[in-house]
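To keep things clear, I will list the structure first and then write my remarks on it.
The values are calculated or read from the model by the stated rules, or taken from the named source; none is laboratory data. All figures in this text were calculated on a predicted structure; none of them were measured in a lab. Positions of Cβ are generated from backbone atoms using ideal geometry, with glycine treated the same way; all protein chains shown enter the neighbour counts.
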Amino acid sequence: MTLALPSQDASVFQRRRAALAERLGGKPALVFAGGQKPMNYPGNPYPYRADSHFLYLTGASLPDASVWVSEAGSELFLTPTPEDDALWHGATPSWAEIAAAMGVDRVRDRAELPEVIAAAGGPSEVASLPSADPQTRRSQDALLDRSWLAGVEGLEGVDAHLADAMVALRMVHDAAALERLREAHAATAACHMAGMRATKPGAWEYQIRGAMEAELMRHGMRTSYQPIVTVHGEILHNFDQRNQLQDGDLMLADVGAEHEGWAGDVTRTWPVNGKFSPTQRAMYDIVLQAQLDAIDKVRPGVRYREVHLTAARSLTRGLVDLGILRGEVDGLVERGAHALLFPHGVGHLIGLDVHDMEDLGDRAGYAPGRSRADQFGLGYLRLDRDLAPGMCVTIEPGLYLVPAILEHRELCGPFDADGTLNREALGRFADVRGIRIEDDVLCTEDAPEVLTQAAPKAAEAVEALVGREA
Ligand code: GLY
Ligand code: MN
Ligand code: MN
C-alpha cells in the first residue's frame with residue numbers, strides 16, 4: 001500500500017514518546033498500529049487508519065507496525081514491503097526516510113520483536129494495550145504472552161500504567177494536536193453549512209449526506225464516524241438515510257471530519273422548508289439555551305458532571321415553561337425527569353477518537369474514584385472529570401420524543417402517576433421528533449473556546465442558510 005509519512009515535524013512525536021517513557025518508570029512499551037481489514041478479498045481493503053495511540057506517538061497510519069518506546073529511545077517495527085508492491089502502489093519511502101520523519105532511532109523488521117522483548121526481560125516487562133483489530137490481537141497474544149480476557153477494565157501491571165500514561169498525555173492537547181483539531185473543526189463547520197444549503201422538501205436524506213461529505217472531501221478529509229443525517233432525529237443512532245424530506249420536517253445532522261486522525265463532531269438541526277414551526281422553534285431555543293449555558297461552564301476545575309447537570313436544569317426549566325413537565329426544576333432534575341426527553345450525556349472527550357480513548361473503557365472518561373450513576377440518563381454520561389486547560393469536549397444537549405422511552409412503563413410510570421409529565425402538552429410537539437445542537441469546545445485558562453463556532457446555530461442564522469444552494 002501507499003505509505004503516508006507524518007505531516008508534522010518529527011519533534012512532535014519525539015516529545016510525546018519522551019513524555020510517555022518518563023511516565024513508565026523505566027519499563028518499555030510496545031504500541032501496535034493494527035492491520036488492514038479486507039472488505040471481501042485482501043486486495044480490496046477498507047480504508048486503513050492506525051490505532052489512535054499509535055497515531056499519537058508516530059503521526060502515521062502504517063499497517064501492521066508497532067512502536068517501541070523506552071527511556072533509551074524509540075524504534076519502529078514493520079513488515080518488509082513485498083518485492084512487487086511498487087508495481088501496484090508506487091515506490092514506498094525507505095526505512096531511513098520513515099525513521100527520519102517519525103524521529104525514531106531506527107526501523108526494524110518485526111520478525112526481530114521476540115528477541116527485543118526477551119532482551120527487555122520478557123513479555124511481563126513490556127507494556128502494551130490490546131488492539132481492537134482481531135488479527136493484531138492474535139499476534140500480540142503470542143508475542144507478549146497475554147490474553148487480556150478481562151478486557152480493558154481489567155488491565156493490570158505495566159499495561160495499566162501504559163493506559164494511565166496515555167490517558168494523561170492525550171487528555172490535554174498539545175499545540176500540534178490543536179493545530180489538526182482546528183483544521184478538522186473548520187471543515188466540519190463548512191460541511192454543516194453545505195448540508196443546510198442543500199436541504200429542500202423532496203430531497204432525500206442521502207443527498208444531504210452526499211453534500212456534506214463532498215465538502216469534507218473538498219478539504220481532503222473524511223468522516224470521523226458514521227454520519228447521522230435524518231429527519232428522524234428521535235432515533236439517536238440513526239444510520240439509515242433513505243427518507244425523503246417532507247415540508248415541516250426537521251433535519252438532524254451529526255457529522256464530523258477526520259483530519260490525519262483528529263476528529264470533529266458537530267450536530268445541527270434545521271427545518272427542511274427553511275422555517276421552524278412555532279413548536280419546533282420553542283424547543284429549538286430551549287436546546288440552544290441549554291447548550292450555551294453548558295458551554296459557559298467549560299472552565300478549569302469544573303466537574304464535567306456539573307456541565308451535564310447545568311444543561312439538564314436549563315432544559316428542564318424550558319420544559320416547565322412549555323407545560324410539558326410540572327414541578328420545581330432542581331427537584332425534577334434530581335429525580336431524572338429531564339431524561340425522558342434528554343436521555344444521553346451532554347458530551348464526551350474529543351481528540352484522535354471522536355469519543356476519545358473510549359477504547360480504554362471509562363479509564364479516560366471517569367476520574368479515579370468516580371463511576372457511572374445508576375439513574376436512567378445520568379448513567380449514559382461518558383465523562384466525569386474536572387476540566388483543565390487543553391481538554392477538548394463536546395457539548396451536545398438535545399430534546400427527543402423517543403417512543404421507546406415515552407412508551408416505557410417503568411421509566412414513565414412514576415412521572416405519569418404524579419402528573420409530572422403532561423402528555424397532552426407534549427403531544428403538541430409531535431413535529432419536533434429530535435433536536436440536538438453539538439459543538440466541540442476547548443477548555444482554556446479563561447473563557448471556553450468553541451472550535452466549531454463557524455457552523456451557525458441561532459435559529460434565524462440557520463433558517464437563512466437552508467435551501468440557499470450557492
Ligand atoms: N457523533 C457521535 C456523538 O455525538 O457522540
Ligand atoms: Mn458527540
Ligand atoms: Mn455527534
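Figures for the structure shown
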quantity: Residue list for the range 255-286, restricted to those being closer than 26 Å to Leu181 by Cβ, among the hydrophobic types (A, V, I, L, M, F, W, C) and more than 14 Å from ligand 2 (Cβ to nearest atom); calculated: Trp262, Trp270
quantity: First in the range 264-290 and under 28 Å from Ser224 (Cβ atoms), second anywhere and at pLDDT below 95, Cβ under 8 Å, 6 or more apart; calculated: none
quantity: Positions within the range 316-331 being surrounded by fewer than 22 Cβ atoms within 10 Å (Cβ to Cβ) and either under 15 Å from Asp384 (Cβ atoms) or in contact with a Phe, Trp or Tyr (Cβ under 9 Å, 6 or more places away or on another chain) (or both), in sequence order; calculated: Leu322
quantity: Meets criteria (under 29 Å from Leu129 (Cβ atoms), of a type outside the set (A, V, I, L, M), more than 16 Å from ligand 1 (Cβ to nearest atom) and touching a strand residue (DSSP E or B) at 6+ places or on another chain (Cβ under 6 Å)) for Arg303; calculated: yes
quantity: Residue count, the range 235-252 (criterion: away from ligand 3 (no atom under 11 Å from the Cβ) and surrounded by fewer than 21 Cβ atoms within 10 Å (Cβ to Cβ)); calculated: 11
quantity: Unique residue being within 16 Å of ligand 2 (Cβ to nearest atom), of a type outside the set (Phe, Trp, Tyr), modelled with pLDDT of 95 or more and touching a strand residue (DSSP E or B) at 6+ places or on another chain (Cβ under 8 Å) when the list is Leu216, Leu252; calculated: Leu252
quantity: Pair list, Cβ under 7 Å, 6 or more apart: the range 206-235 residue under 19 Å from Asp249 (Cα atoms), other residue crowded, with 20+ Cβ neighbours inside 10 Å and of a type in the set (S, T, N, Q); calculated: Ile208/Thr199; Gly233/Thr269
quantity: Residue in the range 253-272 that is surrounded by the fewest Cβ atoms within 10 Å (Cβ to Cβ), counting only those that are away from ligand 1 (no atom under 11 Å from the Cβ) and closer than 25 Å to Ala282 by Cα; calculated: Val272
quantity: The range 367-422 - residue that is in a strand (DSSP E or B) and under 19 Å from the mean Cα position of the chain (by Cα) and, of those, nearest to ligand 1 (Cβ to nearest atom); calculated: Thr394
quantity: Residue in the range 147-164 that is within 19 Å of the chain's Cα centre (by Cα) and modelled with pLDDT under 95 present; calculated: yes
quantity: Top-ranked residue of the range 423-442 - restricted to ones that are more than 16 Å from ligand 2 (Cβ to nearest atom) and part of a loop (DSSP other than H, G, I, E, B), ranked as farthest from Thr394 (Cα to Cα); calculated: Arg428
quantity: Selection within the range 209-221 - within 16 Å of ligand 1 (Cβ to nearest atom) and either of a type in the set (S, T, N, Q) or in contact with a helix residue (DSSP H, G or I) (Cβ under 6 Å, 6 or more places away or on another chain) (or both); calculated: Met212, Leu216, Met221
quantity: Some residue of the range 105-125 being in contact (Cβ under 8 Å) with a residue 24 or more places away in the chain and within 29 Å of Met221 (Cα to Cα); calculated: yes
quantity: Helices (runs of 4 or more DSSP H) enclosed by the range 1-92 - at least 1 residues per element that are modelled with pLDDT of 95 or more, closer than 24 Å to Ser139 by Cβ and hydroxyl-bearing (Ser, Thr, Tyr); calculated: 52-58
quantity: Residue that is farthest from ligand 2 (Cβ to nearest atom) [pool: residues in the range 219-238 that are farther than 21 Å from Asp356 by Cβ and not β-branched (Val, Ile, Thr)]; calculated: Gly220
quantity: Residue check for Glu97: over 28 Å from Met357 (Cα atoms) and within 33 Å of the chain's Cα centre (by Cα); calculated: yes
quantity: Selection within the range 378-401 - out of contact with any strand residue (DSSP E or B) (no Cβ under 8 Å at 6 or more places or on another chain) and either acidic (Asp, Glu) or more than 16 Å from ligand 2 (Cβ to nearest atom) (or both); calculated: Leu378, Gly379, Ala388, Pro389
quantity: Residue count for the range 273-297, restricted to those that are among the hydrophobic types (A, V, I, L, M, F, W, C) and away from ligand 1 (no atom under 16 Å from the Cβ); calculated: 6
quantity: Residue satisfying all of: in the range 88-124; among the polar types (S, T, N, Q) and within 25 Å of Pro42 (Cα to Cα); surrounded by the fewest Cβ atoms within 10 Å (Cβ to Cβ) among these; calculated: Ser94
quantity: Hey, Leu383 within 16 Å of ligand 3 (Cβ to nearest atom) and either touching a residue at least 40 places away in the same chain (Cβ under 8 Å) or surrounded by 13 or more Cβ atoms within 10 Å (Cβ to Cβ) (or both) or not; calculated: yes
quantity: Unique match (being surrounded by 17 or more Cβ atoms within 10 Å (Cβ to Cβ) and more than 28 Å from Val450 (Cα to Cα)) among Ala337, Ala417; calculated: Ala337
quantity: Residue in the range 353-368 that is surrounded by the fewest Cβ atoms within 10 Å (Cβ to Cβ), counting only those that are in contact with a Ser or Thr (Cβ under 9 Å, 6 or more places away or on another chain) and farther than 17 Å from Val266 by Cβ; calculated: Asp362
